[in-house]
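Following: one structure in structure tokens, then a few remarks.
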Amino acid sequence: LIQCYQRTKQYEKMNKALAEFKGLFPTSRYMKSLNRTEMLLKLELERSKMISQTAPPLNPKRIIGSSPFKLQSLRGKIVVLDFWATWCAPCRRVLPHLVAIQKEYADAGVQVVGVTRYYGRGYLDGRYRQNLNEADEQQVNVEFYEKNGLNYPIVFVDRSVDRSYNISAIPTLF
């Protein structure tokens, strides 16, 4: 039931069901999983409050595929933020869809922005790469961007941006 509420974004019902289950079965072997689900629910509720609000600043350290970038310059547009990384397989599966959205809806005021940070690893040409310094990771991302035909900017941000947007895992689309 809790997963059904989660999948259909009925967060208030989900929260109520979680609290009821935890009250009825406080020693359940599922408690650890329920606590994690509850934490993710709180993050999702916080993110949902941000929709149509002024976005927290991204303050990019590096930008790929765009001239100087400021989130404020996109005011009035529909902005899709994709928190992702090259090494994340689910993130890579989303990319063709984001490229298509950017191509099809750019004239209607839609702007996709990829948001990543330095993880010390990357993925390129079918290989995972570990222990990368910032310069090497940037290069992996530039080559990944070019080889995969991305048509929207990718911004590198501080880890603090993840907290500002309540990001607990990637991919997360906003």
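The values are calculated or read from the model by the stated rules, or taken from the named source; none is laboratory data. Everything quoted here is computed from the prediction, not taken from an experiment. Neighbour counts are summed over all protein chains in view; Cβ atoms, including those assigned to glycine, are modelled from backbone coordinates with ideal geometry. Just so you know, the surface numbers come from the protein's heavy atoms only, side chains and all, with ligands and any DNA or RNA stripped out. Shrake-Rupley method; radii C 1.70, N 1.55, O 1.52, S 1.80 Å.
In the context of the full set of protein chains, residues of region 58-139 present 57 Å² of accessible surface per residue (probe radius 1.4 Å, heavy atoms only). When only alpha carbons of region 29-96 are considered, Rg and Dmax amount to 16.2, 52 Å. Among residues other than residue 166 whose Cβ falls under 12 Å from its Cβ, what is the net charge (Lys/Arg +1, Asp/Glu -1)? Every neighbour counted, the sum reads +1. Working from Cα pairs under 8 Å separated by at least six residues, relative contact order for region 1-127 is 19 percent. Taking every alpha-carbon pair within region 60-121, the share separated by more than 17 Å comes to 45 percent.
Between residue 100 and residue 45, the simple label model (points 7 Å from Cα in the Cβ direction) yields a spacing of 3.5 nm. Per DSSP H run of at least 4 residues, take -39500 (n - 2.57); add these up for the chain, divide by its residues and hand me the 222 nm value, nearest 500 deg cm²/dmol. The helix-only estimate for the chain comes to -14000 deg cm²/dmol at 222 nm.
If I compute solvent accessible area with a 1.4 Å probe over the protein chains, what percent of it on the chain is carbon and sulfur?
On the way: 5440 of 10670 Å².
Solvent-exposed carbon and sulfur of the chain make up 51 percent of the total.
Look at where the Cα atoms of region 1-69 and of region 106-174 average out, and the two centres are 22 Å apart. Histogrammed with a bin width of 10 Å, the alpha carbon distances of the chain distribute as 9, 32, 31, 20, 8, 1 percent, first bin at zero.
Using a 10 angstrom cutoff on alpha carbons, build the Gaussian network for the chain and name the most mobile of 164, 73, 48. The residue with the greatest mean-square fluctuation here is 73. Rounded to two decimals, the Cα-based Rg/Rh of region 22-67, with Kirkwood Rh, is 1.29. Assuming charge only on the beta carbon of Lys and Arg (+1) and of Asp and Glu (-1), the dipole of the chain about its Cα centre is about 520 debye to the nearest 20.
Identify which of 44, 146, 137 has the largest mean-square fluctuation in a Gaussian network model of the chain, with springs joining Cα atoms closer than 10 Å. Result: 146 has the largest fluctuation of those listed. Taking the chain as a whole, the Cys residues whose C-beta sits 4.7 Å or farther from every other Cys C-beta are 4. Short-range pairs are left out: with C-alpha atoms under 8 Å and at least six residues apart, the relative contact order of region 60-174 is 41 percent.
How much of the DSSP bridge set in region 22-174 is antiparallel, in percent, rounded to the nearest 5?
45 percent
State, to one decimal in nm², a quarter of the convex hull surface area for the C-alpha atoms of region 97-169, i.e. the direction-averaged projected area. Intermediate results must be reported in sequence, preceding the final value.
On the way: hull surface 23.1 nm².
So the Cα hull casts an average projection of 5.8 nm².
Among 133, 141, 59, determine the one that fluctuates most according to a GNM of the chain built with springs between C-alpha atoms less than 10 Å apart. In the Gaussian network model the winner is 133.
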